[in-house]
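To keep things clear, I will list the structure first and then write my remarks on it.
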Amino acid sequence: MGPHAPPGSDQEAEPAAKAAAPAVKKAPEKPKKPPPKPLPQLMEEDLIPSLKATLEAQEDVSQIELSFRDNRLEGSFLKKDIPYNFWAFFPNGELTGPKAFSLSSYGYEASTVEPFLIDERRVSAQLVVFWIRKRLAAQGILPVWKE
C-alpha cells in the first residue's frame, strides 16, 4: 500500500492505534506553597496589623497596644475609658498547635483561660483575627454586627 491508500486501509489505522496507546504523561507540577512563616513573623506581618485595623475601626476604642512575645499575642485597649486586656496563647509556638484565649477588664486579672480555635483544620492569621473579634463581641465589648 502506497502513500495514496484508500480510506479504511491499514495505513490509516496504524497512527490511530499509536494514539490510542496510553502515553506516559507527567502531571503538571503544582506550584509549591511557600513554607509557612514562623509564628513571630506571621504575627508581626499579618495578624497584628489586621487586628489593629479591626480595633481602630471601632469608634469608641482607643489606646490600642498589640504585641507578640513568648508565644503569646497580647492586646490592650480602652473602650469608653474602661481598660481591656486579652491574650491569645500558642504554647507550641505554632499557629496550627493548641491555642487558648483569655480576657480581663477593669484592671482585674483574667479569670479563665479557654480553648481557642480547637476544631479548625486550616488556621490562618485572618481566622485568628475573626475569632478574637468574635470573643470580644461575645463579651459585649465590640458590636456583634458591623453597621
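FYI, it's all coordinate maths here, none of it is from the lab. This structure is a prediction, so every number in the text was calculated from the model and none was measured. Here the Cβ positions follow ideal geometry from the backbone for every residue, glycine too, while neighbour counts run over all protein chains shown.
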Within region 60-94, backbone nitrogen closer than 17 Å to the virtual label 7 Å beyond the Cα of residue 45 toward Cβ | 68, 94
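Calculate the FRET efficiency for residue 108 and residue 134 from the Cβ-Cβ distance with a Förster distance of 25 Å, rounded to the nearest 0.05.
Details: r = 22 Å, r/R0 = 0.87.
After rounding to 0.05, the efficiency reads 0.70.
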Using a simple spin-label model with points 7 Å from Cα along the Cα→Cβ vector, what separation in nm is obtained for residue 80 and residue 62?
-> 1.5 nm
Under a plain spin-label model, where a point goes 7 Å from the Cα along Cα-to-Cβ, how far apart in nm are residue 29 and residue 53?
-> 3.4 nm
